[in-house]
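Here, each number is a calculation from the coordinates, and none is a lab measurement. All of these numbers come straight from a predicted model, not from anything done at the bench. Cβ coordinates were reconstructed from backbone atoms using ideal geometry, including for glycine residues, and neighbour counts include every protein chain displayed.
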Amino acid sequence: MYRSDVLSATNVAPGAVVPVTDERGRSFGAALYSSSSQIALRMISTGPVPDFPSLLRERVRNALVYREQLVRDTDAYRIVFSEADFLPGLIVDRYNDILSLQILTQAMDSNPVRDALLAELTQQLKPAAVAERVDAHIRELEQLPPRESGLLLGDKTTTIFTMNGVRFHFDIREGQKTGAFLDQRENYAAAALYAHGEALDVFCYQGAFALHLAKSCPQVTGVDSSRPALEVADKNALLNQREVEWIEANAFDLLKDYSAAGKQYHTIVLDPPAFAKTRKNLETALRGYKELNLRALKMLRPGGILVTCSCSYHVSETEFLEVVTDAARDAHKTLRLLDKRTQAKDHPTLVNVPETSYLKCLICHVSA
Ligand code: SAH
């Protein structure tokens, strides 16, 4: 519930668990309060919550049961995905024996909540270490005191994790998000099913798509603008005994140069960062997606495969499909949709909370 919807909030401490009622006094249930966020209330129950730390422990256990039922072929996956696991403001990811967590709200930052979380995670998973990844900007927005990223438990800072049989280095001090883009895990496997020939992974980060493509493609190139990401990608290639060419470049410039030079590929993956961070820059974002897809399509051979993604929540699946359709028309190519995918099941989508769905991944067959 937005701050503008709150009629009165008296004597409410930052991060408190509060009962919520409408103007006639009818109860909505309980929520976590933030004194600074535009999202003033995050509902956690339709009934009263006398003991939030013990409710949190129960919800972490439920989140683990869900993963046990649905997560396969990996020792890296999201254990808690905020609202989608009824724990708004909390992210917990597992990378083999190391857990990496993010705390995004005042309520989740309180000491009793942190203690309950660590106790439950330790009891259930016995991790070698638990690390916290601090987003300084979010702490500022939530008016929380600054904090350093680092270990909360244990002393192990690096490990190796495996997704779909592909191995990756993990270091608590490196990378974006909590370390990897675990939401794409099932899409890596899906892309590998169709990939063939000479392949290009654009926005490759630490090489996850590229290394999955390398299972079936004799030649793979990965492109990213981040040198630290490519250094890890190179180590990952070595770990899997694969040869991949890594190029540090601005993807827009590279695609422009390569398509102008008449380069051709059998498989291209496009997985850019979220272009539309807010609804306001939707138009610019759509232009960005259009340009990338157009250039990629021009370089795809007949029978080629395009794997194209958008992780912008503000770009709907329909809008994204329209952009790709437009790009295909301009490139004079016909696309057949082989698979229309979303985030992996450990990043659940609640059907009644559309905000929990954000990732789009289209796999298309290209003909001239
Ligand atoms: N495909 C990756 C995730 C990509 S995240 C995976 O599955 O792991 C987006 C990536 O785009 C980041 O690694 C970021 O460094 C890179 N990036 C952002 N802007 C870029 C640009 N203009 N050119 C090339 N790479 C860019």
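Here are a few things to note about the model shown:
- Axis angle, to the nearest 10 degrees, between helix 282-299 and the longest C-alpha principal axis of the chain: 30 degrees.
- Extension gain (nm, one decimal) between H137 and L7, 0.36 nm per residue minus Cα-Cα: 44.0 nm
- Kirkwood Rh in Å, taken over segment 254-322 so that all alpha-carbon pairs contribute: 12.7 Å
- Using a Gaussian network model of the chain in which every pair of alpha carbons under 10 angstrom is joined by a spring, one finds that among D253, D271, D224 the greatest mean-square fluctuation is at D253.
- Separation in nanometres of the label points that stand 7 Å from Cα toward Cβ, at T349 and N111: 4.2 nm
- Helix axis angle, 251-260 relative to the chain longest principal axis, alpha carbon, degrees: 20 degrees
- In a reduced charge model with +1 at each Lys and Arg Cβ and -1 at each Asp and Glu Cβ, the chain shows a dipole moment near 600 debye about its Cα centre.
- Fully extended contour minus Cα-Cα distance, from K256 to E23, at 0.36 nm per residue: 78.1 nm
- Residue with peak Gaussian network fluctuation, the chain [Cα springs, cutoff 10 Å], from L211, L239, L292: L239
- Segment 1-78-segment 227-286 distance, computed between alpha-carbon centres (Å): 38 Å
- Principal-axis tilt of helix 111-125 within the chain, Cα atoms, nearest 10 degrees: 60 degrees
- Calculated mean residue ellipticity, 222 nm, the chain: -9500 deg cm²/dmol, from DSSP H runs (n ≥ 4) at -39500 (n - 2.57) each, averaged per residue and rounded to 500.
- Under the Debye formula (equal points on every Cα, no solvent term), log10 I(q)/I(0) of the chain at q = 0.08, 0.09 Å⁻¹: -0.44, -0.56
- Between T159, T267, T221, the GNM of the chain built on Cα springs shorter than 10 angstrom shows T159 fluctuating the most.
- Separation in nanometres of the label points that stand 7 Å from Cα toward Cβ, at T318 and I247: 3.7 nm
- Gap separating the Cα centres of segment 95-114 and segment 297-368, nearest whole Å: 33 Å
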